[in-house]
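What follows is one structure encoded as structure tokens, with my remarks underneath.
The values are calculated or read from the model by the stated rules, or taken from the named source; none is laboratory data. If you're wondering where the values come from, they're calculated on a predicted model, not measured in any experiment. Counting neighbours? That spans all protein chains shown, and the Cβs are built from the backbone with ideal geometry, glycine included.
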Amino acid sequence: KTTVPADKAVTDKLLTKDEAAGASEITVYNIPGGGAFAMTADPAAINWPMTIGILFILVVFVTMVYGPIAAILVEMFPTRIRYTGMSLPYHIGNGWFGGLLPATVFALSAYKGDIYYGLWYPVVIAAMSLVIGMIFVRDTLGTDLHGKD
């Protein structure tokens, strides 16, 4: 994080003249090898079709995950406790781990000063999910789910 004269920030297209409006210096952020940038986005420079396309692909990926998760959770528990057995881990996983993801990633990145450091949180959660799933998730094919009612 450094400060540069406002007129240099305007010539480097980090802000507009209206945004500089009488300021003598402006704070900009530097990425090694990437140059300076301001913490504002230029709406004219956004590639809207590509942005919408990427978001659509991400939504498709999410639907590819949530369908099988629901089917697996339904078949893992006897019918007597199915709703609680399915609902509790689903809501803890999505609510607590997924819901707190933005705040946790932001806090980790801010603490370390590296914008990519927060990516460790989803990587660690995904690795834990894989290990716990491999240990505890069992195939119920051929199992009588009404047997313990």
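Assorted remarks:
- Lone qualifier among Gly95, Gly85, Gly67 - being modelled with pLDDT under 80, more than 30 Å from Ile31 (Cα to Cα) and not in a loop (DSSP other than H, G, I, E, B): Gly85
- Selected residue [in a loop (DSSP other than H, G, I, E, B) and out of contact with any strand residue (DSSP E or B) (no Cβ under 8 Å at 6 or more places or on another chain)] from Thr104, Thr143: Thr143
- The residue pairs whose first member lies in the stretch 8-24 and is closer than 14 Å to Pro43 by Cα, whose second member is of a type in the set (Phe, Trp, Tyr), and whose beta carbons are closer than 9 Å, counting only pairs six or more residues apart or on different chains, are Leu14/Phe37.
- Qualifying position, being surrounded by 10 or more Cβ atoms within 10 Å (Cβ to Cβ) and at pLDDT below 80, among Ile26, Ile54, Ile31: Ile26
- Qualifying residue in the stretch 113-130 (condition: among the hydrophobic types (A, V, I, L, M, F, W, C), surrounded by 10 or more Cβ atoms within 10 Å (Cβ to Cβ) and not in a helix (DSSP H, G or I)): yes
- Selection over the stretch 133-149 of residues that are without any contact (Cβ under 8 Å) to a residue 24 or more places away in the chain and surrounded by 11 or more Cβ atoms within 10 Å (Cβ to Cβ) gives a count of 1.
- Residue match in the stretch 64-78 (condition: surrounded by 13 or more Cβ atoms within 10 Å (Cβ to Cβ) and of a type in the set (Asp, Glu)): yes
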